[in-house]
1. Evaluate the Debye formula for the chain with equal point scatterers sitting on the alpha carbons, no solvent, and hand back log10 of I(q)/I(0) at q = 0.12, 0.15, 0.20 Å⁻¹, in q order, two decimals.
2. Can you give the Kirkwood hydrodynamic radius for region 56-148, in Å, rounded to one decimal and based on Cα pairs?
3. Which ³J(HN,Hα) values, rounded to whole Hz and listed in residue order, are derived for region 92-99 from phi using the Karplus coefficients 6.51, -1.76 and 1.60 in 6.51 cos²θ - 1.76 cosθ + 1.60 with θ = phi - 60°, glycine and proline given as x?
4. Sort all Cα-Cα distances of region 100-174 into consecutive 10 angstrom bins from zero, then give the percent of pairs in each bin up to the one containing the longest distance.
5. Taking N as the number of residues in region 33-74, what is its Cα Rg relative to 2.2 N^0.38 Å?
6. Treating the angle as unsigned and between 0 and 90°, give the value, to the nearest 10°, between the Cα long axis of helix 140-150 and the longest Cα principal axis of the chain.
7. HN-Hα J couplings of region 45-51 from phi, Karplus 6.51/-1.76/1.60, θ = phi - 60°, integer Hz, Gly and Pro as x?
8. Among 148, 174, 42, whose Cα sits farthest toward the positive end of the charge dipole of the chain (+1 at Cβ of Lys/Arg, -1 at Cβ of Asp/Glu, about the Cα centre)?
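Each reported figure results from applying straightforward, stated rules to the coordinates on display, with no laboratory input. Being a predicted model, the structure only gives us computed values, none of them experimental. Backbone-built Cβ (ideal geometry, glycine too); neighbour counts: all protein chains shown.
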Amino acid sequence: SIMDVVKFQQSGADYLWFQTVPNTEEICFVVEWMKFSYPQIPFLLSVQCRFDQMRNVVLADGTSLERLAERMARKLDDSNIVAMGVNCVDPHVVSPALKSLSAVFQSSPLVAGLALPNSGEVWIPQPPHWRWPDNIEVSPLEWARTLLMLSEDGPPHMYLGGCCRTNESMIQYL
């Protein structure tokens with residue numbers, strides 16, 4: 001909300017971060033709103049995406065990241081966005097998502113990319129529980145190694161971290 005942005009301005013924080021943005025319309029709105037309403041506030045933007053049935057990476061609403069990149073390229077001129085990437089995603093979405101967003105990175109003032117995936121566990125609704133794919137648990141060290149490897153397809157400067165179901169050990173290894 002506008003009040004949150006005002007509080008942010010008064011806090012002395014370095015960046016405002018919009019996380020887990022699920023669709024193109026919201027993403028474009030955030031970029032335009034920040035550009036024209038708060039041009040003095042640098043911000044970061046991370047999107048939520050997934051694999052579709054054909055194993056293409058799409059936003060949560062099903063929009064291709066290539067389509068998002070096309071829409072974003074026209075909006076980033078003179079923007080105050082400094083980093084963009086993904087969060088709240090399966091770790092294996094990181095590499096193809098960063099590749100798909102590469103057009104955004106190449107044609108914009110972005111300083112860095114972002115990758116903050118989940119642990120890799122999958123939510124099973126009935127009965128409600130988290131489960132590792134194929135019932136093979138990934139160690140914190142292996143999770144960190146995988147993220148480092150998968151983020152190599154991003155821009156030269158990356159902010160890495162974790163989202164849902166990650167833990168202190170995973171972040172320490174990272």
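1. -0.56, -0.86, -1.34
2. Numbers: mean 1/r = 0.0674 Å⁻¹.
Value: 14.8 Å, from the Cα pair sum.
3. Once θ is set to phi - 60°, the couplings for region 92-99 become 6, 7, 4, 4, x, 5, 5, 4 Hz.
4. Final binned percentages: 18, 42, 27, 12, 1.
5. Details: Rg = 13.3 Å, N = 42, 2.2 N^0.38 = 9.1 Å.
Expressed relative to 2.2 N^0.38 Å, the Cα Rg reads 1.46.
6. So the helix axis and the longest Cα principal axis differ by about 50 degrees.
7. 9, 10, 9, 9, 9, 7, 7
8. 42
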